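Since every read-out is calculated from the coordinates, none of them should be taken as a lab result. None of the values given here were measured: they were computed from a predicted structure. Because the Cβ atoms are built from the backbone with ideal geometry, glycine has one as well, and the counts that use them run over all protein chains shown.
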Ligand code: CP
């Protein structure tokens, strides 16, 4: 049976542990994995812009001896001629062994998976989910804090449209002793379904606040996000909300010495450049970890036999 990754919960907690252990080993011993995908092809089907996710997938495949193909905008694909996602994936299944798909429409990768003969990885669907960013985030948190349980996680910024936030909450909610502090303007609060279907049924501790500085000293992780300009219907609302939170080195003085700052990137204004030199800034480590964890995911979904 072909295995896909569409939603973060498609992987069990023990599968995520195994993936993160494999990613750690890939990071420590890259040569061991350098030819495990010789002859394999990855297709990157990106209907929406990306720098990190697409290049990270491509780097992951190239690091293991495979090759890559694809398109980086809907405008350069036959979507402009009206081809459906279902037909596109049927076609791509004839060319590639595995594919990563980003699409502005929520649910498009799931639709593709229904028609695919190869594993489909959701590389971000609208404001919905971004499961491989979550694997990147989990690897970084585990690496920095040594655990994924008993943590107070602050998520700050655009919690409404930020798909990385939705996926991360869904995943972390499965670990013991996680507390969420949801920091956003009223208009950009986390969607109701996250509260009603993820947090409340599991009795997960959470609070929704608008002020970052008052909660900063309590956090173990601060996950900053940009305001998602491309998801706004109204430019004036975006302009009003875009600079709601700007983390600076001065503000970080009240945070714990081992509170790490994560951000899925791209950053716009929400983290000042002076934070980059703080040893707690972990957002570029996230990018590097993203390659290792995508290597681990590709190997897992392709069912490649791993070296001892
Ligand atoms: N984090 C992330 O998804 O970045 P890109 O949009 O550049 O892929």
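Structure data summary
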{"item": "Estimated FRET transfer efficiency (residue 249, residue 269; beta-carbon r; R0 22 Å; 0.05)", "result": "0.90"}
{"item": "Percent antiparallel among DSSP beta bridges (both partners in region 1-142, rounded to 5)", "result": "5"}
{"item": "Folded to 0 to 90 degrees: helix 283-302 orientation relative to the chain principal axis, Cα", "result": "30"}
{"item": "Å³ per residue enclosed by the Cα convex hull of the chain", "result": "133"}
{"item": "Theoretical gain in end-to-end length, residue 114 to residue 304 [0.36 nm per residue, Cα-Cα removed]", "result": "66.1 nm"}
{"item": "Chain lengthening between residue 207 and residue 147 when straightened (0.36 nm per residue, less Cα-Cα)", "result": "19.4 nm"}
{"item": "Inter-part distance where region 214-243 and region 1-40 are each reduced to a Cα centre, Å", "result": "31"}
{"item": "Dimensionless Rg/Rh of region 1-146 - Kirkwood Rh, Rg from C-alpha atoms", "result": "0.96"}
{"item": "Proxy reagent accessibility, fewest Cβ within 10 Å first, across 54, 179", "result": "179, 54"}
{"item": "Considering only the chain, percent of DSSP beta bridges that pair antiparallel, nearest 5", "result": "5"}
{"item": "In degrees, nearest ten, helix 163-172 long axis to first principal axis of the chain (Cα)", "result": "80"}
{"item": "Extension gain from residue 196 to residue 105, taking 0.36 nm per residue of separation minus the Cα-Cα distance", "result": "30.5 nm"}
{"item": "Degrees separating the helix 52-63 axis from the principal Cα axis of the chain, which is the longest one", "result": "50"}
{"item": "Compactness of region 131-286 - radius of gyration and Dmax, Cα, Å", "result": "14.5, 42"}
{"item": "Per-residue Cβ neighbour rank within 10 angstrom, fewest leading, 170, 105", "result": "105, 170"}
{"item": "Rounded, prolate or oblate (a/c below 1.5 giving rounded, otherwise prolate when a/b exceeds b/c) for region 93-191 by Cα gyration tensor", "result": "oblate"}
{"item": "Spin-label pair residue 12/residue 74, simplified geometry with 7 Å Cα→Cβ offset, distance in nm", "result": "3.8"}
{"item": "Separation of alpha-carbon centers, region 73-133 and region 255-272, rounded to whole Å", "result": "30"}
